[in-house]
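Report on the following structure.
The values are calculated or read from the model by the stated rules, or taken from the named source; none is laboratory data. From a predicted model like this one, the values you see are computed outputs, not experimental measurements. Note that we place each Cβ from the backbone using ideal geometry, even for glycine, and neighbour counts take in every protein chain shown. With ligands, DNA and RNA removed, areas are computed over all heavy atoms of the protein, side chains included. Shrake-Rupley method; radii C 1.70, N 1.55, O 1.52, S 1.80 Å.
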Amino acid sequence: MDAIAQIIDTDEYEVEEVLENWLEFLQQQRIASETHYSLYDSNFRDWLGRQQIKSSPLTERFSV
């Protein structure tokens, strides 16, 4: 989560909150000692990319 927070220049707590809300749509993979996240379905990812998500400053900057 720290890496995501640094990339998008936001608080790690906000990243954690968004990931918890989106957990059912994400695949988690452990690589070495890091957790990597990806959307479970490419069609869903494409649909999200076309939506305007306005729930917080984080989701406005969170690219999918």
Checklist entry - Looking at segment 1-29, which of the residues that are outside any helix (DSSP H, G or I) and open to solvent by 70 Å² or more (accessible area, probe 1.4 Å) is nearest to residue 45 (Cα to Cα)? => result 27
Item to check | Counted residues, segment 33-48 - those being open to solvent by less than 100 Å² (accessible area, probe 1.4 Å) and assigned to a loop (DSSP other than H, G, I, E, B) | outcome: 2
Checklist entry - What are the pairs, 6+ residues apart or on separate chains, where a residue within segment 21-45 that is within 18 Å of residue 3 (Cα to Cα) and of a type in the set (A, V, I, L, M, F, W, C) has its Cβ under 6 Å from a residue that is open to solvent by less than 100 Å² (accessible area, probe 1.4 Å) and not in a helix (DSSP H, G or I)? => result 26/37
Item to check | Boolean, residue 59 is at pLDDT 80 or above, surrounded by 13 or more Cβ atoms within 10 Å (Cβ to Cβ) and touching a helix residue (DSSP H, G or I) at 6+ places or on another chain (Cβ under 7 Å) | outcome: no
